[in-house]
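In what follows, a structure is listed as structure tokens, so that the remarks can point back to it.
The values are calculated or read from the model by the stated rules, or taken from the named source; none is laboratory data. Note that this is a predicted model, so its numbers are computed, not measured. Using ideal geometry, Cβ is built from the backbone for each residue, glycine included, and neighbour counts are taken over all protein chains shown. In case anyone asks, the SASA skips ligands and DNA or RNA and just uses the protein heavy atoms, side chains included. Shrake-Rupley method; radii C 1.70, N 1.55, O 1.52, S 1.80 Å.
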Amino acid sequence: MMSETGDTGWQDQPHRIVERDGVRYTLLGTAHVSRASVEAVQAAISSDAFDTVAVELDAGRLQALTDPDALARLDIVKVIRENRTPMFAANLALAAYQRRLAEQLEVEPGAELKTAVLQAREQGLAMHLIDREVGLTFRRALQELGWWSRAKLSTGLLATLLVDEDVEDDEIEKLKQGDMLESAFGEFAQGSPALYQALIAERDRYMAAKLRALAQIEPKPREVLAVVGAGHLAGMETHLAADTDAPAEVERELETVKPKSKVPWMELVIGAFLLGGFVWGFWKGGVDVGADLLLQWVLATGVLGAIGCAIAGGHPLSILAAFVSSPLTPLHPALASGTVSAFVEANLRKPTYADFLALRDDVQHWKGWWKNRVARLVLNFFLTSMGTAIGVWTGGLRMLGKLV
């Protein structure tokens, strides 16, 4: 059963009501940059009409909202070692975007979500986080993208990190009606159905499943208030009312990331091409031609990877690591130049507690990215990887030209 009626005090805000499995779910649509949404959340929870509150957050985003010092406890070396730098960069981009909004509008983005959590705890109500973890969302999106789309996303993400401009009025209007992730990364989602599917459509279904799962716990809730971005109302209402798959199965499906192929076909193809080219050069042209092909490959990839690291302000030994690892990058993911150079940089210039505390402020201006050691590691990873990628194309085309 679905309805759009509401209680006095917040009936003017977008909302939907779905009754299912003995539970009445009230979906309260909010704008993540609106004081009116904060007041509506306060009024709804204070009405004593609900015994449970659900919020469009995951544990990481809640920690970012309620614990500003959380980043200071992060083990950045572990992040790099586990190849989670792109996910860390995505979270930095989201944080930087939210900070620009806060400074521009004098409203803390996501304040209504934070209010819902804190007020529910204060009033002793059951509180549940129903959104999917941001890193998982991006991993699911990336697994559906081709290498060119991934490259564009990485370049756009780097631009988002470095930009120091006010958020456009049309983006703010979209945010008032939509979703924080969609607004922050919407430019990429528009040209990528796979990214849009992971950012928005999958999360509608996921959050609806998390709500349906509440009907299976004890004590069973009767009146649930779900505080979500207004852009999720339509999709969540449909899934909440009509989906029949077991909630646990839906969650498991939407949390699954396809395992990488045990056979690294791309690395094998590139490796075969490179080794075959070198062998052909030595066999047909002798030592001079073979050595020339090898030298051109090393210089094209190594020099451009090292230049990227140098532009990022890398330590001389990090630049050397970029030069050495760049020619080997196409052969194995563990040898990725961006990861290697950032790992060396992190050990030589380990970020301090002060760097983490100043991170949110430093990334608001492009100069701060070279000043702050944490931010500089992200630049190191992206710019070294970008330089190496350009070098691989350049070196590969030169080799192909020699072979034909």
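Got a number for residues in the stretch 225-253 being hydrophobic (A, V, I, L, M, F, W, C), surrounded by fewer than 18 Cβ atoms within 10 Å (Cβ to Cβ) and within 14 Å of Arg203 (Cα to Cα)?
1
Quick one: which of Phe343, Phe323 is open to solvent by 20 Å² or more (accessible area, probe 1.4 Å), hydrophobic (A, V, I, L, M, F, W, C) and in contact with a Lys or Arg (Cβ under 7 Å, 6 or more places away or on another chain)?
Selected residue: Phe343, the only one of Phe343, Phe323 that is open to solvent by 20 Å² or more (accessible area, probe 1.4 Å), hydrophobic (A, V, I, L, M, F, W, C) and in contact with a Lys or Arg (Cβ under 7 Å, 6 or more places away or on another chain).
Checking Ala300 against (1) of a type outside the set (Val, Ile, Thr); (2) within 23 Å of Glu82 (Cβ to Cβ); (3) open to solvent by less than 20 Å² (accessible area, probe 1.4 Å), which single condition isn't satisfied?
That leaves (2) as the condition not met.
For Gly290, state whether it is open to solvent by less than 20 Å² (accessible area, probe 1.4 Å) and without any contact (Cβ under 8 Å) to a residue 40 or more places away in the chain.
yes
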